[in-house]
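Written below as structure tokens is the structure these notes are about.
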Amino acid sequence: MQLFYNPNFNETQTSFVFDKEESRHIIKALRKKEDDILHVTNGLGVLFTAKITIASDTKCTVKIVSFEKQEAPKFKLHLAVAPTKMNERYEWFLEKATEIGIQEITPIICEHSERKVIKLDRFQKILESAMKQSLHYYLPKLNEPIAYKDFIKNVNPGQLFIAHCEETNKKSLKNELQANEDVTILIGPEGDFSVKEIQLATDNNFIPVSLGATRLRTETAAIVACHSVVFKNEN
């Protein structure tokens, strides 16, 4: 199934007109024609089945035939991940985490962060593409970058973890995770969290955890953490 994404679809509509850019893509690039069926999600868990009624490359019009709501996960995974020095590595993380099943992502700016300027528009497009490719109907929420200390003060409820490389007493993430609970995990930059940042996290009820015996890159650590949480919540 080929999945389209349009946030303007909703359950009250009976028809929809795509904008010029998307109409051109559907009709010209994909060569869709009248009576062809499109599968569209609004990124909020709803899959729409729509039939093309007007195959115009400027105003492609569809009739909504049916829709179905996908049940939301019983847990919410929020990864707060420091930007990587090379943008491509962070983009890879965004793509794979979306495929696996993350719900929320926040770029955090830390003491050792080498990159502090982030192109959210490009990141958003990567999330949308990965959602469509993996046939997910929920689009992960991408937050604005935030200073580490500010994020700590406004953290979400649920299980709280910080993964770092310091040789201190840490627990195993896989042993600490509880099914069907919200989870927030902090992943630091290439230079890791500073000692001060680790202490700030523990002072705010974050549990220091290990993701395994080997030293992982930022983006790899984020994927390991993401997969661990989703795997724990599989039925």
- Task: Could you please let me know if Val195 is in contact (Cβ under 8 Å) with a residue 24 or more places away in the chain and surrounded by fewer than 18 Cβ atoms within 10 Å (Cβ to Cβ)?
- Result: yes
- Task: Filter the stretch 201-235 down to residues that are open to solvent by less than 90 Å² (accessible area, probe 1.4 Å) and in a loop (DSSP other than H, G, I, E, B) and give me whichever is farthest from Pro157 (Cα to Cα).
- Result: Leu216
- Does any residue of the stretch 163-184 turn out to be touching a helix residue (DSSP H, G or I) at 6+ places or on another chain (Cβ under 7 Å), among the polar types (S, T, N, Q) and over 24 Å from Leu3 (Cβ atoms)? no
- Message: Exactly one of these conditions fails for Gly45: (1) farther than 24 Å from Asn156 by Cα; (2) out of contact with any helix residue (DSSP H, G or I) (no Cβ under 9 Å at 6 or more places or on another chain); (3) of a type outside the set (Lys, Arg). Give me its number.
- Response: (1)
- Any idea how many residues of the stretch 123-157 are under 19 Å from the mean Cα position of the chain (by Cα), at pLDDT below 95 and either among the β-branched types (Val, Ile, Thr) or under 17 Å from Ala225 (Cβ atoms) (or both)? 2
- Item | Any chance Glu68 is closer than 20 Å to Leu135 by Cβ, open to solvent by 20 Å² or more (accessible area, probe 1.4 Å), of a type in the set (D, E, K, R) and assigned to a strand (DSSP E or B) | yes
- Message: I want to confirm something. Restricting to the stretch 31-45 and keeping residues that are in contact (Cβ under 8 Å) with a residue 24 or more places away in the chain and surrounded by fewer than 16 Cβ atoms within 10 Å (Cβ to Cβ), which single residue is nearest to Pro73 (Cα to Cα)?
- Response: Leu44
- Does Phe48 meet the test of being surrounded by 20 or more Cβ atoms within 10 Å (Cβ to Cβ), farther than 30 Å from Ala163 by Cβ and either acidic (Asp, Glu) or out of contact with any Pro (no Cβ under 7 Å at 6 or more places or on another chain) (or both)? yes
- Query: Of the residues that sit in the stretch 97-143 and are of a type in the set (D, E, K, R), touching a Phe, Trp or Tyr at 6+ places or on another chain (Cβ under 9 Å) and open to solvent by 70 Å² or more (accessible area, probe 1.4 Å), which one is farthest from Leu186 (Cα to Cα)?
  - Reply: Lys132
- Message: Cβ-Cβ under 6 Å, sequence separation 6+ or interchain: first residue in the stretch 108-120 and at negative phi, partner open to solvent by 30 Å² or more (accessible area, probe 1.4 Å) and assigned to a loop (DSSP other than H, G, I, E, B). Which pairs?
- Response: Ile109/Lys116; Ile109/Pro145; His112/Gly191; Glu114/Lys85; Arg115/Lys85; Ile118/Pro145
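The values are calculated or read from the model by the stated rules, or taken from the named source; none is laboratory data. Predicted model only: the values in this text are computed from it and were never measured. Cβ atoms come from the backbone with ideal geometry, glycine included; neighbour counts cover every protein chain shown. Note: areas computed on protein heavy atoms with side chains; ligands, DNA, RNA excluded. Shrake-Rupley method; radii C 1.70, N 1.55, O 1.52, S 1.80 Å.
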